[in-house]
1. Name the single residue that is nearest to residue 279 (Cα to Cα) among those in segment 121-134 being of a type outside the set (A, V, I, L, M, F, W, C) and open to solvent by 100 Å² or more (accessible area, probe 1.4 Å).
2. Restricting to segment 163-172, name every residue that is part of a helix (DSSP H, G or I) and either within 15 Å of ligand 1 (Cβ to nearest atom) or aliphatic (A, V, I, L, M) (or both).
3. Here are some conditions: (1) within 12 Å of ligand 1 (Cβ to nearest atom); (2) closer than 20 Å to residue 237 by Cα. Residue 184 meets all but one. Which one does it not meet?
4. Taking the condition in contact with a Ser or Thr (Cβ under 8 Å, 6 or more places away or on another chain) and either at pLDDT below 95 or closer than 30 Å to residue 82 by Cβ (or both), does residue 256 pass?
5. When you scan segment 95-102, do you find a residue that is touching a residue at least 24 places away in the same chain (Cβ under 8 Å), polar (S, T, N, Q) and farther than 30 Å from residue 159 by Cα, even just one?
6. Taking residue 320 and the conditions (1) modelled with pLDDT of 95 or more; (2) in the same structural domain as residue 207 (by TED's automatic domain parsing); (3) more than 16 Å from ligand 2 (Cβ to nearest atom), which numbered condition does it fall short on, given that it satisfies the others?
7. Test each condition in (1) closer than 19 Å to residue 116 by Cα; (2) among the small types (Gly, Ala, Ser); (3) surrounded by fewer than 20 Cβ atoms within 10 Å (Cβ to Cβ) for residue 200 and report the one that comes out false.
8. What helices (runs of 4 or more DSSP H), lying completely within segment 1-120, carry at least 3 residues that are under 17 Å from the mean Cα position of the chain (by Cα) and surrounded by fewer than 23 Cβ atoms within 10 Å (Cβ to Cβ)?
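The values are calculated or read from the model by the stated rules, or taken from the named source; none is laboratory data. Keep in mind it's a predicted model, so treat the numbers as computed, not measured. Here the Cβ positions follow ideal geometry from the backbone for every residue, glycine too, while neighbour counts run over all protein chains shown. When the accessible area is computed, the model is the full protein with side chains, heavy atoms only, and any ligands, DNA or RNA have been set aside. Shrake-Rupley method; radii C 1.70, N 1.55, O 1.52, S 1.80 Å.
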Amino acid sequence: MKKRIYITRRLPEEAVEPLREHYDVSMWEQEGESVPRDVLLEEASSAHALWTMLSDTIDREVFECATQLEVVSNLAVGYNNIDLNAAKEHGVIVTNTPDVLTETTADLTFGLMMMTARRLGEAERDLRAGEWKSWLPMGYVGMDLYQAKLGIIGMGRIGEAVARRARGFDMEVLYHNRTRRHESESMYGFTYAELDELLAQSDFVVVLAPLTDETRGMLGAEEFAKMKETSIFINVARGEIIDEQALYEALKSKKIWGAGLDVFTKEPIDLDHPLLTLPNVTTLPHIGSASIRTRLAMMALNRDAIANVLEGKEPKNRLT
Ligand code: NAP
Ligand code: GLV
Ligand code: GLV
């Protein structure tokens, strides 16, 4: 009997096909829809491997019903959607997709900074709506990236790739991280700052830390109040790291100049969310790693990790 692999989303056949010869592979086929919870639990109960998305909650209940399960491989570098303790207790290996998405996500982060600072979304929406009547001397004026001060909270793989790009824009880079990165400081000229100092000084505050018990709600009213009135807040990490209501209030009352968000506490964000009423917010539907090459590279990592575990070999990017 072939071992069973269940994939919680429809993936391109080229990413899945190499597994079909040796394994019994099935997936949630409904395009554009997350797997319903009852289907996930039912499928997990007979699967040897689960290939999961960041939108799936892989909690203790899943591990408890998944009696054959050997591996969970998540199509993301972030793994806050998976209960690693429960995985360990049940002897299940969990893997993720670091490194291959670093540069692509850094590109998107820079794009979102540019989009927010130069009001690109607003300008494009107006043009398409027939609102471009004439060239205006002070039309769509925004903030400059070049020579601005960039503050990165969470200086890991992606943070460093963003900081490297910032050098091309002649930006000064401050960072705040759990661990000091002495080597990168001297190699790239970054400066370490305490969180308060980073918030007070930066023109762009960019969050790239993982969602953990420590970072949940780390940026709220108090932190936004410390930022400059001309500053821009960017979140490409996870929505739950910030207090969205407090961000809304800081933007509404012009305590900060603008925000660019790729991630939200609830995804998709509700269309009546207060943040979507503000002109100085740019929003994207969680597309940090979304280039064709990178998504296929992430899938290749998941596929190899699953095959390795099912063959009794050591997988790459093991979290448990
Ligand atoms: P990484 O290399 O692990 O970097 C994360 C950094 O955050 C590490 O340097 C870590 O410090 C630091 N950190 C952890 N807890 C902290 C805290 N309490 N205060 C300050 N810094 C803290 O991860 P990565 O590959 O760069 O990815 C970062 C995150 O980006 C992922 O976890 C994911 O949530 C998000 N992401 C989003 C997208 C998207 O589509 N929007 C795409 C990819 C990733 P240490 O050095 O001490 O560990
Ligand atoms: C995307 O958000 C990821 O964590 O890879
Ligand atoms: C703008 O297009 C300019 O020429 O300044």
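1. Per the criteria, the residue is 125.
2. Across segment 163-172, the qualifying residues are 163, 164, 165, 166.
3. All conditions pass for residue 184, except number (2).
4. In short, no.
5. No, the conditions are met nowhere in segment 95-102.
6. Unmet for residue 320, out of (1) modelled with pLDDT of 95 or more; (2) in the same structural domain as residue 207 (by TED's automatic domain parsing); (3) more than 16 Å from ligand 2 (Cβ to nearest atom): (2).
7. Going through (1) closer than 19 Å to residue 116 by Cα; (2) among the small types (Gly, Ala, Ser); (3) surrounded by fewer than 20 Cβ atoms within 10 Å (Cβ to Cβ) one by one, residue 200 breaks only (1).
8. 102-117
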